[in-house]
Structure formats: C-alpha cells, structure tokens
Amino acid sequence: MKKLVLGITSIILMAVSCVNQKQEGVVVASPEAFEQKMQESNVQVLDVRTAGEYAEGHIGDATNVDVLQDDFQDKVANLDKDKPVMVYCKMGGRSAKAAGILKEMGFKDVTDLEGGYSAWKASGK
C-alpha cells in the first residue's frame with residue numbers, strides 16, 4: 001500500500017513540475033486577453049498549425065509557421081526577439097511546444113493562446 005501511495009504521489013509531482021517547466025516565462029492567455037494584447041503595437045502573431053489548418057481559418061494577419069516542420073527554428077529566427085510574439089495552434093499543445101522553443105531562442109515576450117484556435121472560435125471571435 002505504501003508503494004502504491006508513493007508511486008501515485010511521485011507521478012503527480014512529476015506531472016505538476018512538467019507543466020510548470022513547459023510554461024516557464026510564457027504567458028498563457030484566454031481568448032479575450034489574447035485579443036486585447038493583439039491590439040498592442042509591434043505584436044507578432046504566429047499560427048503554428050499546418051498550412052492546411054491555416055487555410056481553413058486563422059486569426060487576423062497571423063504568420064503561419066508549422067512547429068512540426070524541421071525548419072521551424074530557421075523560419076522564426078526572422079522574427080524580432082524584442083517584440084511580443086503571440087502563438088496559437090488548434091488546441092494548445094503545439095503552441096506550448098512552440099512557445100518553449102521561442103523562449104529557448106531568446107524571445108523575451110511570448111504569449112500562448114489558452115485552448116488554441118478552437119477556444120478562439122468557441123468564444124465567438
């Protein structure tokens with residue numbers, strides 16, 4: 001019984017620490033907060049879904065760079081690291097990955113859309 005409790009406790013602690021590490025230095029914003037931040041000057045909006053998903057609909061003038069492609073880092077290297085970067089995908093998983101990569105690359109202000117494009121549409125945007 002002690003081993004079971006210890007095992008479950010360990011799994012919970014690892015899960016919590018992974019979530020915190022993934023979001024370290026990245027602001028996760030609701031669709032409303034994301035939309036408000038988009039109004040700031042010099043904001044770069046990045047859609048990290050596939051080209052096909054992007055073609056079906058996207059937010060404003062977002063730039064499409066698929067995070068799952070090998071050249072993702074090469075393409076985002078052209079963005080200004082000192083300007084805010086706002087990222088989104090379909091549901092939030094790929095954008096969390098992209099946000100982490102951007103932070104590792106030295107981008108200072110990274111915002112991830114909570115729930116992705118699906119949440120954006122569900123909120124009536």
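The values are calculated or read from the model by the stated rules, or taken from the named source; none is laboratory data. Everything numeric in this text was worked out from a predicted model, so none of it was measured. Please note: Cβ atoms are built from the backbone with ideal geometry, for glycine as well, and neighbour counts cover all protein chains shown.
Could you check, for the range 77-86, whether at least one of its residues is assigned to a strand (DSSP E or B) and touching a Gly at 6+ places or on another chain (Cβ under 8 Å)?
For the range 77-86, residues assigned to a strand (DSSP E or B) and touching a Gly at 6+ places or on another chain (Cβ under 8 Å): absent.
Let's see how each residue does on (1) part of a helix (DSSP H, G or I); (2) touching a Phe, Trp or Tyr at 6+ places or on another chain (Cβ under 7 Å):
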site	(1), (2)
M91	no, no
S95	yes, yes
A99	yes, no
L102	yes, no
F107	no, no
T111	no, yes
K121	yes, no
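Close contacts from the range 103-120, counting a first residue that is among the β-branched types (V, I, T) and a second that is surrounded by fewer than 22 Cβ atoms within 10 Å (Cβ to Cβ) and not in a loop (DSSP other than H, G, I, E, B), with Cβ to Cβ under 8 Å and a gap of 6+ residues or different chains, come to V110/V26; V110/V27; V110/K103; T111/V26; T111/V27; T111/V28; T111/A29; T111/K37. When G52, G60 are checked against the criterion of being part of a helix (DSSP H, G or I) and exposed (fewer than 13 other Cβ atoms within 10 Å of the Cβ), G52 stands alone in meeting it. Cβ contacts < 8 Å: first residue under 21 Å from G116 (Cα atoms), restricted to the range 78-93; second residue of a type in the set (S, T, N, Q) and crowded, with 24+ Cβ neighbours inside 10 Å, any location; separation 6+ or different chain. Result? Listed pairs, sorted by first residue: V87/S95; Y88/S95; C89/S95. Whether any residue in the range 3-16 is basic (K, R) and either modelled with pLDDT of 95 or more or surrounded by 11 or more Cβ atoms within 10 Å (Cβ to Cβ) (or both) is what I want to check. Taking every residue of the range 3-16 in turn, none turns out to be basic (K, R) and either modelled with pLDDT of 95 or more or surrounded by 11 or more Cβ atoms within 10 Å (Cβ to Cβ) (or both).
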